[in-house]
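J.: Pasting a structure below so you can have a look.
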Amino acid sequence: MDIKARAAQEDLAFLRDLVESSKDAPIPGGGIFLAGGLLYAGQTSFHFCQAMGWLAPPVALSLFVSIAPTVVFMIILIRSLQDQRKNTASGVARRALDAGFSAAGMCNTVLALAFGWVAIQQKDFYIWLLYPMVVFALQGAAWQIAFQLQRRRWMGVISVGWFASAIGLGLTLKTLGYGLIVVLSLLLLMALPGALMLRAEKRTSTV
């Protein structure tokens, strides 16, 4: 009987921790989202202007813009992950948020390698253009988890925005509208939430 009572108490403690911590648990990685959104929005804007004929940069500059954002982002990502390891997540909700966004990030990396390899093998750039659709859908799923945990309306809006953008990319594939959707999505659905997340993290750390 004591074992059953202890198990029941542990279950109640788990549920109480989930409910009480889910509302105020800050979403980790705000700096990563902000940096990624700005860097890749800038990169996509550059190539968008090239496609429109508004820019005619030398090959060296085009190559630099194609590579530099990823290099800078990886540096920021590594440093941010190192900082997160120092600040061990506490609370069930915080750990759930960590797990959801980390899993989405891992999927993005694996899919980038898979789509990139197939695109190179088939020598078809349009295969690579399918990759952002999957990434956007995964981001929508991650934000849906955050919304379910914290019930903040803006998180639900971000989730729906990612899903809608993924569909929009499919509808505009091989058109200039594709690039426009990518840029706006990265700014409004990644960089802007990243700034909000970073602000929440800093506010929590000072409390």
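The values are calculated or read from the model by the stated rules, or taken from the named source; none is laboratory data. Keep in mind that this is a model prediction, so the values were computed, not measured. Here the Cβ is made from the backbone with ideal geometry for all residues, glycine too, and neighbour counts use every protein chain on show. Surface accessibility is based on the protein's heavy atoms, side chains included, excluding ligands, DNA and RNA. Shrake-Rupley method; radii C 1.70, N 1.55, O 1.52, S 1.80 Å.
J.: Output the residue which, of all residues in the range 88-139 that are modelled with pLDDT of 80 or more and not in a helix (DSSP H, G or I), is farthest from the chain's Cα centre (by Cα).
T.: Going through the qualifying residues, I end up with Lys123.
J.: Return yes or no: is Ser102 farther than 20 Å from Gly42 by Cβ and buried (at least 17 other Cβ atoms within 10 Å of the Cβ)?
T.: Numbers: farther than 20 Å from Gly42 by Cβ: yes; buried (at least 17 other Cβ atoms within 10 Å of the Cβ): no.
Judged against the criteria, Ser102 is not a match.
J.: Among the listed residues Ala56, Ala68, Ala51, Ala60, which satisfies the condition of being modelled with pLDDT of 80 or more, part of a helix (DSSP H, G or I) and open to solvent by 40 Å² or more (accessible area, probe 1.4 Å)?
T.: The match here is Ala60.
J.: Still on this structure, I have one more. Just to be sure before I move on: is Ala114 surrounded by fewer than 17 Cβ atoms within 10 Å (Cβ to Cβ) and farther than 20 Å from Met190 by Cα in the structure I sent? Working first, answer last.
T.: Working: surrounded by fewer than 17 Cβ atoms within 10 Å (Cβ to Cβ): yes; farther than 20 Å from Met190 by Cα: yes.
The answer is yes for Ala114.
J.: Another question about this same structure. Pairs, please: C-beta under 6 Å, at least 6 apart or cross-chain, first residue over 17 Å from Thr70 (Cα atoms) and in the range 108-121, second surrounded by 12 or more Cβ atoms within 10 Å (Cβ to Cβ)?
T.: Cβ pairs passing all conditions: Val118/Ile127; Ala119/Ile127; Ala119/Trp128.
The rows are residues; the columns are (1) outside any helix (DSSP H, G or I); (2) touching a residue at least 12 places away in the same chain (Cβ under 8 Å); (3) more than 16 Å from the chain's Cα centre (by Cα).
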position	(1), (2), (3)
Gly156	no, yes, no
Phe163	no, yes, no
Ala166	no, yes, no
Leu169	no, yes, yes
Leu180	no, yes, yes
Met190	no, yes, no
Lys202	no, no, yes
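J.: Has the range 156-178 got at least one residue that is of a type in the set (Phe, Trp, Tyr) and open to solvent by 30 Å² or more (accessible area, probe 1.4 Å)? Reasoning before the result, please.
T.: Going through the range 156-178, the residues of a type in the set (Phe, Trp, Tyr) turn out to be 162-163, 178.
Checking the rest, the ones that are also open to solvent by 30 Å² or more (accessible area, probe 1.4 Å) come to 163.
Checked against the condition, which is being of a type in the set (Phe, Trp, Tyr) and open to solvent by 30 Å² or more (accessible area, probe 1.4 Å), the range 156-178 yields at least one hit.
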